[in-house]
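Every number here is computed from the coordinates shown, using simple stated rules; none is lab data. Worth saying up front: this structure is predicted, and the values here are computed from it rather than measured. A quick note on method: Cβ atoms are made from the backbone with ideal geometry, for glycine too, and the neighbour counts reach across all protein chains shown.
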Amino acid sequence: MTGRARIVLWLGRRGLNEVLRVPGASIPGVLAPTIFLLGLTSMFGAAARLPGFTADDFATFIVPVGMLQGAAFSGAATGVNLARDIERGWFDRLLLVPAPRLTLLAGIVASAALRSLLPSSVVFAAGLLIGVPWPGLGATALAFALVMGLALGLACYATTLALAFRTQQAAPLMQMGGFVLVLFTPAFAPEDLLAGWMHAIATVNPVTYVLEGARQGFVGDVTWPRTWPALAALGGMLALLGSLAVRGMRRTGR
Amino acid sequence: MTRVVAALARRALRTTARRPQFVAPLVLFPTLFLAANVGGLTRATSLPGFPPVPSFLDFQLAGSLTQALLLGGVASGIAIALEIEMGFFDRLLAAPIPRVAIVLGRLCAAAVVALGQVAWFLAVDLAFGGSVEGGPLGALAVAAIGVVAGVGFGATGITIALLARNVATVQGVFPLVFVILFGSSAFFPRDLLQSPAREVARYNPLSLIADGLRDPLVGPVSAGPVLEGLAAAGGVAVVMTAACVLALRRRLARA
């Protein structure tokens with residue numbers, strides 16, 4: 001294993017260590033999307049009776065939304081943890097490591113992708129427990145892959161903010177980005193049932209395509225015409241948010 | 001006493017305004033959630049059994065305002081817990097002021113914040129094509145219920161902070177806010193909720209508060225729901241303020 005890969009691995013493990021050592025810190029990120037899934041299903045379940053609703057029941061429709069919310073929480077947590085490391089001076093010591101900034105960034109955000117598996121798995125399991133049909137192995141794998149990719153992208157976004165503000169007080173901004181991106185999509189209803197302004201936002205929101213990709217299997221079959229836009233949107237997000245984070249890392253300490 | 005309460009309330013308000021992590025939950029998150037709900041479920045008003053309302057925005061507004069008021073309560077609790085952790089609360093206890101003024105100052109600040117939240121959501125409603133069907137009297141009724149409920153939720157947050165004495169525990173209450181909300185008729189008509197939320201909502205005082213806030217927004221002011229909402233909010237405020245004072249005494253006894 002090369003030195004750079006080892007650094008990425010160490011930093012990724014350090015990020016994951018927090019889940020094991022301070023399990024309490026992960027509870028809100030796991031609980032919130034699960035509560036949202038169960039709560040929204042209880043509240044808005046009748047919406048599935050609307051003409052034009054594309055799923056048999058509301059829970060099936062929003063399980064992928066809950067999984068993506070889990071990704072958003074994991075991405076934001078990476079930024080909050082980095083801000084804490086900056087406040088405590090640990091990050092300044094990390095910058096002394098003889099490694100490219102890109103390697104350090106990869107290590108910091110890599111843990112978000114793995115960490116997102118925890119809340120999304122709990123949401124997925126909760127969905128199955130309340131009667132959401134099994135979407136199939138391929139659809140499940142695709143959904144989790146998209147969740148991990150989104151967590152990576154949102155970790156880059158949160159990292160950019162952490163590097164810019166250098167304080168945990170920016171946490172609401174980090175959380176809000178993912179919150180807005182996930183909910184301003186066809187999260188609660190199919191596109192044709194959205195309000196006009198929401199439809200317009202959802203059309204330009206890349207997470208819409210990620211959500212539609214993750215929703216395959218839950219609603220309809222997995223098809224390439226719905227898969228490639230999800231992968232392309234995710235690729236675009238990673239390129240944009242990743243380059244912003246790299247720029248932030250390169251500027252830090254100069 | 002009044003001067004001390006006013007000074008502590010002013011300080012609490014200044015602290016809130018300076019910290020973005022306090023301001024965001026007070027209005028920003030509930031407003032974004034309101035937008036997501038309205039944009040996503042605007043056709044819900046055509047569901048059989050949905051009460052006649054001018055728009056889904058008008059219906060949802062009461063739910064988002066209730067959510068904001070609850071989160072304001074959590075923010076009050078976090079603020080007190082931070083003061084306990086940083087030692088400022090102990091300095092207040094050592095100061096020659098009535099101890100109950102510490103709680104009352106924070107509750108006065110909670111009332112002002114709640115009034116600001118009501119004003120914010122009414123402005124959002126009007127700016128995005130909604131209406132206050134009950135007119136100025138309706139707006140006053142919403143403000144009255146909102147302020148009393150804000151004090152009650154603030155007292156709840158402070159009580160938890162005084163008992164727990166750490167920020168992490170108070171922050172842990174955050175998800176519970178949603179559990180309580182989702183088990184009420186704040187966001188959707190009670191008859192259209194799924195079981196068991198429908199049964200829980202029947203006995204959840206939050207349903208009365210949300211319905212009281214909603215009534216003047218979606219039609220002419222009717223005494224029943226508004227008075228029920230005011231009574232429920234008043235009940236929460238009285239019980240939780242008493243609990244708050246008891247928690248303070250308990251803390252003093254241990255100190």
(message) Taking the Cα of A:HIS199, stepping 7 Å toward and past its beta carbon, and measuring to each backbone N in segment B:27-46: which are under 15 Å?
(response) B:39-44
(message) Can you compute 3J(HN,Hα) from phi for each residue in segment B:24-36, using the Karplus curve 6.51 cos²θ - 1.76 cosθ + 1.60 with θ = phi - 60°, rounded to whole Hz and x for Gly and Pro?
(response) 3, x, 5, 9, 5, 4, x, 5, 5, 5, 4, 4, 5
(request) Quick one, can you get me the convex hull of the C-alpha atoms of segment A:3-251 expressed as volume per residue in Å³? (result) 127
(message) Assuming 0.36 nm per residue, please report the length gained on full extension of the stretch B:ARG249 to B:LEU140 beyond their Cα-Cα distance.
(response) 35.7 nm
(message) Tell me the volume per residue, in Å³, of the convex hull enclosing the alpha carbons of the protein assembly as shown.
(response) 155
(request) Tell me the Kirkwood hydrodynamic radius of chain B in angstroms, computed as one over the mean inverse distance between distinct C-alpha pairs. (result) 18.5
(request) Report, by chain and number, residues whose modeled amide H sits under 5 Å from the one on A:GLY217, excluding near sequence neighbours (fewer than 5 apart, same chain). (result) A:VAL222
(request) Kindly put A:SER111, A:SER116, A:SER26 in sequence by how many other C-beta atoms sit within 10 Å of each C-beta, fewest to most. (result) A:SER26, A:SER111, A:SER116
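Taking every residue in B:32-39, how many Cβ atoms of other protein chains lie within 10 Å of its Cβ, on average? Don't jump to the answer; show the numbers that get you there.
Working: counts 5, 2, 0, 7, 9, 6, 3, 16.
Shielding by partners across B:32-39 averages 6.
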(request) Could you list the GluC sites (Glu not before Pro) in segment B:47-139 that lie in coil according to DSSP, counting only those with at most 12 other Cβ atoms within 10 Å of their Cβ? (result) none
(message) I'd like the orientation of helix B:100-127 relative to chain B: the angle between its Cα long axis and the longest Cα principal axis, in ° from 0 to 90, rounded to 10.
(response) 30
(request) Set the Förster radius R0 to 56 Å, insert the Cβ-Cβ distance between A:ASP92 and B:ALA242 as r into 1/(1 + (r/R0)^6), and round the FRET efficiency to 0.05. (result) 0.70
(message) What does the extension gain come out to for A:ILE27 and A:VAL222, with contour length at 0.36 nm per residue minus their alpha carbon separation?
(response) 67.0 nm
(request) Obtain the nm distance between the two label points defined at B:ALA7 and B:SER46 by a simple spin-label model: each point lies 7 Å from its Cα along the Cα-to-C-beta direction. (result) 6.1
(message) Which chymotrypsin sites (Phe, Trp or Tyr not before Pro) in segment B:82-132 sit in a loop by DSSP (not H, G, I, E or B) and have at most 14 other Cβ atoms within 10 Å of their own Cβ?
(response) B:PHE128
(request) Among B:ALA111, B:ALA231, B:ALA164, determine the one that fluctuates most according to a GNM of chain B built with springs between C-alpha atoms less than 10 Å apart. (result) B:ALA164
(request) Could you go through segment B:138-155 in sequence order and give the Karplus-derived ³J(HN,Hα) for each residue, using 6.51 cos²θ - 1.76 cosθ + 1.60 with θ = phi - 60°, rounded to whole Hz, and x for Gly and Pro? (result) x, 4, 5, 4, 4, 5, 5, 5, x, 5, 5, 5, x, 5, x, 5, x, 4
(message) Taking 4 °C and 1.567 mPa s as the conditions, I'd like the Stokes-Einstein D for segment B:16-94 in µm²/s, using the Kirkwood hydrodynamic radius from alpha carbon pairs.
(response) 88
(request) Count charges around A:PRO51 for me, please; just the other residues with Cβ under 12 Å from its Cβ, Lys/Arg as +1, Asp/Glu as -1. (result) +1
(request) Once you've got the GNM for chain B with C-alpha springs shorter than 10 Å, pick whichever of B:SER222, B:SER64, B:SER46 has the biggest mean-square fluctuation. (result) B:SER46
(message) Whole-Hz ³J(HN,Hα) for each residue in segment B:226-240, computed from phi via Karplus 6.51 cos²θ - 1.76 cosθ + 1.60 with θ = phi - 60°, x for glycine and proline: what do you get?
(response) 5, 5, 4, x, 5, 5, 5, 5, x, x, 4, 5, 5, 4, 6
(message) Could you give the length gained by full extension between A:THR167 and A:ASN17, i.e. 0.36 nm per residue of separation minus their alpha carbon distance, to one decimal place?
(response) 51.8 nm
(request) Please go through segment B:54-127 and write out the trypsin sites (Lys or Arg not before Pro) that DSSP classes as loop and that have at most 15 other C-beta atoms within 10 Å. (result) B:ARG99
(message) Shape verdict for segment B:125-249, please, from the Cα gyration tensor: rounded (a/c under 1.5), prolate (a/b greater than b/c) or oblate.
(response) prolate
